[in-house]
Structure formats: C-alpha cells, structure tokens
Amino acid sequence: MTDCCFQLKGSVFTAVVLELHRYSSAEFTRELEQKIEQAPQLLLQSPIVFNLDKCIDQAEEIDFAVLIQQCRALGLQPIGFRSCARFNQAMEATGLALLPPSSTRGGSAIQKPAQPVAGPEAIEKRVRVPSKIITQPVRSGQQIYARDCDLIVMSQVSEGAEVLADGNIHVYGGLRGRALAGVNGDETARIFCHSMEAELLSVAGNFILSEDFDPQLWKQSVQAYLNEEKLCINPL
Amino acid sequence: MAKIIVVTSGKGGVGKTTTSAAIGTGLALKGHKTAIIDFDVGLRNLDLIMGCERRVVYDFVNVINGDASLKQAMIKDKRTENLFILPASQTRDKDALTIEGVEKILDELSQEYEFIVCDSPAGIEKGALMALYFADEAIVVTNPEVSSVRDSDRILGILQSKSRRAEQGKEPVKEHLLLTRYNPERVIAGEMLSVEDVEDILAIPLLGIIPESEAVLKASNQGQPVILDNEAKAGQAYGDAVARLLGEDVAHRFLDVPKKGFFKRVMGGR
C-alpha cells in the first residue's frame with residue numbers, strides 16, 4: 001500500500017433537524033431567534049439539516065439561499081437538506097449536502113423508495129444491540145452516548161455532564177446534568193430516573209429546561225416521554 | 001515503588017499548594033521518605049510555601065531537559081527529615097513538560113522515595129494533565145462553594161478518563177476529598193455548602209476537613225507548612241488527614257461552631 005496522507009473513514013454525527021411546517025421569511029427569523037434564546041448552548045454552532053417534507057407544497061416559494069443565510073446569521077451551521085426528489089436540483093445549487101430522505105417515522109409525506117424484500121438471511125443478521133451500562137459517576141464535562149441502544153447509568157450524572165442515547169435512558173443515581181433520549185429521532189424513547197435534578201431533559205429533540213420543571217417533581221422518581229410532540233414528566 | 005499522589009482541584013486558589021506542602025511534610029514527619037514536585041511551571045509557588053525559595057538552583061524543567069541531575073535539583077528540607085522538594089521552573093511554561101520526561105523523573109524517584117506528592121496547577125490543561133497522569137491516588141482539594149465543587153467534579157472525570165491507570169485499564173485512581181476553608185458558622189448561616197452537600201455532589205470518600213484559619217495565611221507567608229503549627233486547628237486537621245491517608249481511622253474534627261469562651265461572650269468578640 002502506498003503511504004497516503006489521509007484516510008477516509010465513515011462516522012456518525014448527531015445534527016439538529018429543522019423541520020419546516022410553513023415558511024415566511026420574517027416569521028421564520030423571529031421564531032428561530034426565540035428558540036435559540038431558550039437554549040443557546042444547545043443550538044448555537046450546531047449543525048442543522050433542513051427537512052421540507054412537511055411543507056412540500058410551499059417549498060417552491062422558498063429561496064433556499066435566503067433560508068440558509070437566515071440560519072447562519074443566527075449562529076447555526078446549515079450542513080444539508082433531507083433529499084426530496086422535486087427540489088434536489090435547487091437544494092444542490094446551494095452547495096449544501098443532500099442527505100438521504102427521512103424514514104416514515106413521524107409521518108413524513110414523501111414516498112419511500114421501494115426496498116428490496118428482506119430475505120431470511122437479512123433477518124438473521126439483525127442483532128440485538130446490548131444496552132450501554134455505566135457504573136462510574138458521569139462527571140461534569142463528560143459526555144456518554146449510547147449508539148443504537150439504551151443507556152443505563154448506575155451512578156450519578158453530575159451537573160454539566162451529558163448523557164445521550166438513541167434509545168431509552170435510565171439513571172439510578174441523581175440526574176443533575178442533561179439527559180437526551182432518542183437523539184436519532186425515536187419518539188418512543190423515554191428517560192427514567194431515580195432523583196430528577198436535571199438541567200435539561202429531551203426526547204427526540206423535544207426538550208424542557210430545569211426552570212420549566214414542576215417543582216413538585218424535584219428529586220422525585222420520574223419518567224419523561226413524548227405525548228404528541230410534547231415532553232411530559234410524570235412521577236413513577 | 002513509591003506511591004504517587006496528585007493534589008488537584010481544577011479551580012485555582014483553593015489550597016492545592018498549601019495542601020501539597022502540608023501533606024508532604026506530614027508524610028515525612030511520620031517517617032516516610034517523601035518528595036513534593038511543583039508542576040506549576042511558570043508560576044512556581046511551592047518553594048515559597050516550603051520556605052526554600054532562596055535555595056532553588058536547578059528545577060523540574062532542567063532535569064527533564066538533562067541540564068541537571070535529579071540529585072542536583074532536589075532540595076532537602078531543613079526542618080523535616082525525609083522531605084525533599086523539586087521546584088518548578090519560573091522562566092518556562094507548561095509546554096516544557098513531556099510525558100516521557102515526567103515519567104523518567106517519577107521512575108527515578110520511585111526507586112528511592114515512598115511517596116511522591118505532585119502539586120498540580122489549576123485548570124485542566126497540559127500542566128494539570130501531566131500532574132495527574134501518573135497518579136495512583138488523588139487528593140481533590142475543594143472549597144465549600146458551588147464553582148469549586150463543579151470544577152472538582154470535572155477533574156474527577158478527567159482522573160477517571162485521562163490518567164495512565166484509566167488508559168491502561170488498571171485499577172482506577174483512588175480518590176480522596178479534602179474540603180478546605182471550611183467555616184461551620186457560615187454553613188449554619190446558609191452561606192456555605194455543608195460537608196454533606198459536597199459529599200453528596202462529588203460522591204467520593206472524605207479525607208479531611210480543613211477549617212478556615214488565619215494560621216494558613218500566616219504559615220504561607222512565613223514559608224512554613226501549616227501542619228507544623230500544632231496550635232492551629234488547620235495544622236491539626238492536616239495531621240488527621242495524613243493519618244487517614246496512611247490508613248488510620250481518625251474521627252473528623254472541627255465540624256461544629258466553636259463555643260465562645262466566657263471572656264469572648266462578654267466582649268462580643270469573635
């Protein structure tokens with residue numbers, strides 16, 4: 001093998017998906033500003049992927065360059081569009097990446113490309129991803145991500161620490177940091193904790209900050225789950 | 001083999017160097033041959049607290065660079081038998097420290113000493129990482145206030161992820177909490193976190209509680225480790241901490257508000 005000055009590797013990153021429901025320039029800037037204000041640390045500089053599936057009828061009127069500029073002006077980093085056959089050309093023209101269309105999860109309007117019928121071999125290959133189990137405290141500044149599985153933390157999650165999972169999150173010590181379940185978009189994911197003292201709870205991108213928690217739930221055993229895109233926190 | 005103990009905190013000004021000097025001196029007083037290394041290259045302080053600043057000829061960086069031998073650079077303490085200090089360089093910065101250089105020095109010291117106390121600089125950058133990388137045990141110095149506690153939590157995370165023991169998958173660094181500048185009166189007044197609060201947040205074993213004391217500042221300015229001041233509560237508390245570090249079972253003291261004597265009560269003095 002020749003000695004190459006670089007190496008190509010596949011990697012998975014989490015990005016925020018901006019799903020447009022309708023679009024008018026002024027309204028968009030105003031509401032985006034408000035959203036960022038609620039959680040500047042979560043959103044500023046974070047990569048953004050546009051998804052136009054839910055406003056496909058209106059998409060023709062959107063000037064993508066302006067849309068991107070509006071996001072950049074507020075400190076977001078647009079990196080691409082969810083592909084959508086009708087507008088692929090216009091999307092490509094912006095210079096951003098075209099990402100594969102979203103799955104049917106969340107009731108997207110676009111048609112799924114015909115998938116090859118999975119034979120018995122393909123089914124056998126489907127392996128269970130074991131949960132990630134953490135026994136040590138998750139300290140301030142640490143981030144634990146359970147990819148494609150549940151996360152179980154047997155100890156505490158300190159203030160300033162962050163635990164993320166594509167699946168559910170269980171915390172058996174004090175949960176004082178941030179917990180984000182279903183970061184890949186799984187809206188059925190839940191967070192369970194023994195003592196809820198979190199800074200932020202999020203399921204599939206729908207989050208609540210500590211100041212919005214019901215004070216009665218403080219230090220209680222609770223679960224957090226999505227009910228019609230609204231994050232609910234209930235005692236266990 | 002020597003036991004390598006890092007004194008660290010994340011936050012500055014909480015008493016790391018005071019603690020390094022006191023714990024190092026305490027170990028030597030108990031008859032263990034001890035070296036204290038100042039890792040705060042560029043902002044050297046340990047020599048002042050130990051009162052040996054006029055005797056610094058060669059320093060840590062000189063030894064790493066091979067300009068001096070370890071024997072030449074180690075300063076023998078004049079007051080305490082078995083105690084040696086390796087001062088930091090004042091003219092260089094933390095980039096002068098290398099993993100290989102530090103490892104070589106620690107290996108050489110390990111042959112001869114029983115304890116090596118590494119006085120970490122504040123922060124979580126190179127100097128602090130170097131100080132904790134080779135540690136077997138860590139004394140996390142924390143003040144009873146929220147920012148100090150959070151920084152200690154951060155440094156605990158780093159100890160468990162970036163130390164050599166963590167990287168090599170060995171038994172984790174043994175952690176000790178040392179709560180300094182503790183003032184029971186202010187805890188009762190709600191101005192300061194209590195021992196229980198801090199233990200609850202950090203969840204590591206408590207090595208000692210050092211009461212806030214004027215003796216500490218006095219000792220620093222005189223270049224005399226506070227542990228040598230038997231009159232001062234802070235000195236006694238450090239003595240207790242050293243005993244616990246060596247495995248002795250000593251009850252915690254100075255947790256309650258001191259009762260004012262008759263004279264003080266009448267005069268309303270403090």
Filter segment B:122-147 for residues that are touching a Gly at 6+ places or on another chain (Cβ under 8 Å) and not in a helix (DSSP H, G or I) and give the result.
B:A122, B:G123, B:I124, B:V141, B:N143
What single numbered condition from (1) surrounded by fewer than 19 Cβ atoms within 10 Å (Cβ to Cβ); (2) under 20 Å from the mean Cα position of the chain (by Cα); (3) away from chain A (no Cβ under 12 Å) fails to hold for B:Y182?
(1)
Of the residues in segment B:168-179, those that are buried (at least 19 other Cβ atoms within 10 Å of the Cβ) and away from chain A (no Cβ under 12 Å) come to B:H176, B:L177, B:L178, B:L179
Counting only residues in segment B:200-218 that are open to solvent by less than 70 Å² (accessible area, probe 1.4 Å) and not in a strand (DSSP E or B), the one farthest from B:A243 (Cα to Cα) is identified as B:I201
Reported set for segment B:155-172 where residues are of a type outside the set (S, T, N, Q), under 21 Å from B:S120 (Cα atoms) and more than 16 Å from the chain's Cα centre (by Cα) is B:G157, B:I158, B:K162, B:R164, B:R165, B:A166, B:E167, B:P172
B:T142 meets each of (1) more than 26 Å from B:G26 (Cα to Cα); (2) in contact with a helix residue (DSSP H, G or I) (Cβ under 6 Å, 6 or more places away or on another chain); (3) within 13 Å of chain A (Cβ to nearest Cβ) with one exception, condition (1)
Out of curiosity, is B:A131 of a type in the set (G, A, S) and either within 15 Å of the chain's Cα centre (by Cα) or within 24 Å of B:L245 (Cα to Cα) (or both)?
yes
Please enumerate the residues belonging to segment B:9-26 that are closer than 17 Å to B:V146 by Cα and under 8 Å from the mean Cα position of the chain (by Cα).
B:G15
Positions within segment A:207-236 being without any contact (Cβ under 8 Å) to a residue 24 or more places away in the chain, under 22 Å from the mean Cα position of the chain (by Cα) and open to solvent by less than 40 Å² (accessible area, probe 1.4 Å), in sequence order:
A:F213, A:C232
Are there any pairs with C-beta distances below 8 angstrom linking a residue in segment A:37-65 that is within 22 Å of A:S202 (Cα to Cα) to a residue that is part of a helix (DSSP H, G or I) and open to solvent by less than 10 Å² (accessible area, probe 1.4 Å), with the two at least 6 apart or on different chains, and if so which?
A:I48/A:C71; A:F50/A:L67
Looking only at strands (runs of 3 or more DSSP E) that fall completely inside segment A:130-198, which ones have 1 or more residues that are within 12 Å of chain B (Cβ to nearest Cβ)?
A:132-134, A:143-146, A:162-165, A:169-175, A:191-196
Within segment B:125-147, restricting to residues that are more than 20 Å from B:P172 (Cα to Cα) and of a type in the set (D, E), the one that is surrounded by the most Cβ atoms within 10 Å (Cβ to Cβ) is B:E145
Scan segment B:32-50 and tell me whether some residue there is assigned to a helix (DSSP H, G or I), open to solvent by 30 Å² or more (accessible area, probe 1.4 Å) and over 17 Å from B:E112 (Cα atoms).
yes
Qualifying positions in segment B:204-225 - among the aliphatic types (A, V, I, L, M) and more than 15 Å from B:V14 (Cα to Cα)
B:I204, B:L206, B:L207, B:A215, B:A219
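To keep it simple, each residue is scored yes or no on (1) modelled with pLDDT of 95 or more; (2) within 18 Å of A:Q41 (Cβ to Cβ); (3) touching a Gly at 6+ places or on another chain (Cβ under 6 Å).
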position: A:G185; (1), (2), (3): no, no, no
position: A:I191; (1), (2), (3): yes, no, no
position: A:F207; (1), (2), (3): no, yes, no
position: A:P215; (1), (2), (3): no, no, no
position: A:K219; (1), (2), (3): no, no, no
position: A:N227; (1), (2), (3): no, no, no
position: A:K230; (1), (2), (3): no, no, no
Which of (1) open to solvent by less than 60 Å² (accessible area, probe 1.4 Å); (2) within 18 Å of B:D107 (Cα to Cα) does B:I23 not meet, given it meets every other one?
(2)
Picking from B:R150, B:R165, which residue would you name as being in a helix (DSSP H, G or I), within 9 Å of chain A (Cβ to nearest Cβ) and open to solvent by 10 Å² or more (accessible area, probe 1.4 Å)?
B:R150
For the condition over 22 Å from the mean Cα position of the chain (by Cα) and among the aromatic types (F, W, Y), what is the one hit in A:F6, A:F28, A:F50?
A:F6
Tally time: how many residues in segment B:87-114 are outside any helix (DSSP H, G or I) and surrounded by fewer than 20 Cβ atoms within 10 Å (Cβ to Cβ)?
6
Pairs, please: C-beta under 9 Å, at least 6 apart or cross-chain, first residue within 12 Å of chain A (Cβ to nearest Cβ) and in segment B:199-211, second assigned to a loop (DSSP other than H, G, I, E, B) and among the small types (G, A, S)?
B:I201/A:S158; B:L202/A:S158; B:A203/A:S155; B:A203/A:S158
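The values are calculated or read from the model by the stated rules, or taken from the named source; none is laboratory data. Quantities reported herein were computed from a predicted structural model and do not represent experimental measurements. Virtual Cβ from ideal backbone geometry, glycine too; neighbours counted across all protein chains shown. Please note that ligands, DNA and RNA were not included when accessible areas were found on the heavy atoms of the full protein model with its side chains. Shrake-Rupley method; radii C 1.70, N 1.55, O 1.52, S 1.80 Å.
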